Amino acid sequence: MPLIESQPDALSHIYAQSLFELAELDGGQSRTEEILDELENILEITRSDHQFNEFLASRVLSIASRKASITNIFTGKVSDLTLRFLLVLNEKNRISHLVPIVAAYDALVQAQFGRIEVDVFTASPIGSTELNLIKDRLQKVLGKQPVVHPYTDEAMIGGIKMQIGDKLIDASIASRLRKLQQQIQNQGGDRLRSVAHKAIEKKDEQSD
C-alpha cells in the first residue's frame, strides 16, 4: 500500500502547524524553508522509489523496526528537527499520511512569507527569460511572490495553462479552439432555428 495521496485533513494541519512553529523558533524563515525542502525531497524519493514508499506506508512493519530504519537512513542526511518529526509521525502511526502533512506545511510556509505556488504548463519547455516574465506578471496580479513550477504538456497545442491553488487558468490554443467550436455550434443552432421559424411563418402565410 503506497503513501496516502490526499488533501490535508484537520490532523494533518495540526502536525504541520506544530512543525512550523518549532522550525520558526529554531531558525526563523530560513529554517522553515530548509525543513520544507527536506520533506519535499523525501516525498520525491517515495515517488521514484516504490520500495521506499512501501517501507514508509507498510502496516506490517512494526513501529520499532521502522524507527531504527528511519534513524539509520536519515541521520546526517536531514536536520535533527526533520528526523525527530519523522520519528514522531512513526510513533503515532501517521507516517503513511506524510503527503497531506507536507502539503499542509507547505501551505503554511507560503502563506506566512507571502508566496503562492503556481504550476505552469506549456506545450514545450520555456526558457528562463519567459519564466521570469511570467513570475513578474503573476506577482503584480496576485500581490504575492509566485513560486513557479514549469511543466511540459505535449498534449497542448500551444499557449499556457496555470494552476493556482484549486483554480485552473487555461489560455491554451486548444482551449480557445474549443470555445470557438462551441460558439460556432451555438450560432449554427440559432441560425437553424431562425430558418425553421421563418419557414413555418411563410407556410402559415401561404395557408392564409
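Points to keep in mind about this one:
- Conditions (1) touching a residue at least 24 places away in the same chain (Cβ under 8 Å); (2) assigned to a helix (DSSP H, G or I); (3) surrounded by fewer than 12 Cβ atoms within 10 Å (Cβ to Cβ); number of the one not met by residue 59: (2)
- Residues satisfying the criterion are absent from the range 77-90 (criterion: crowded, with 17+ Cβ neighbours inside 10 Å and within 17 Å of the chain's Cα centre (by Cα)).
- Any hit, the range 128-146, residues being assigned to a strand (DSSP E or B), outside the structural domain of residue 63 (by TED's automatic domain parsing), buried (at least 18 other Cβ atoms within 10 Å of the Cβ) and not charged (D, E, K, R): yes
Residues are listed down the side, and each one gets a yes or a no for (1) out of contact with any Asp or Glu (no Cβ under 8 Å at 6 or more places or on another chain); (2) within 15 Å of residue 85 (Cα to Cα):
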position: 15; (1), (2): yes, yes
position: 22; (1), (2): yes, yes
position: 28; (1), (2): yes, no
position: 32; (1), (2): no, yes
position: 42; (1), (2): yes, yes
position: 46; (1), (2): yes, no
position: 52; (1), (2): yes, no
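- Among the residues listed as 109, 88, 60, the single one being farther than 28 Å from residue 159 by Cα, among the β-branched types (Val, Ile, Thr) and at pLDDT 90 or above: 88
- Against the numbered list (1) surrounded by 10 or more Cβ atoms within 10 Å (Cβ to Cβ); (2) in a helix (DSSP H, G or I); (3) at pLDDT below 85, residue 206 comes up short only at (1).
- The residue that is nearest to residue 100 (Cα to Cα), counting only those in the range 29-51 that are surrounded by 16 or more Cβ atoms within 10 Å (Cβ to Cβ), of a type outside the set (A, V, I, L, M, F, W, C) and modelled with pLDDT of 90 or more, is 38.
The values are calculated or read from the model by the stated rules, or taken from the named source; none is laboratory data. These numbers were taken from a predicted model, which means no experiment stands behind them. Positions of Cβ are backbone-derived with ideal geometry, glycine not excepted, and every protein chain shown enters the neighbour counts.
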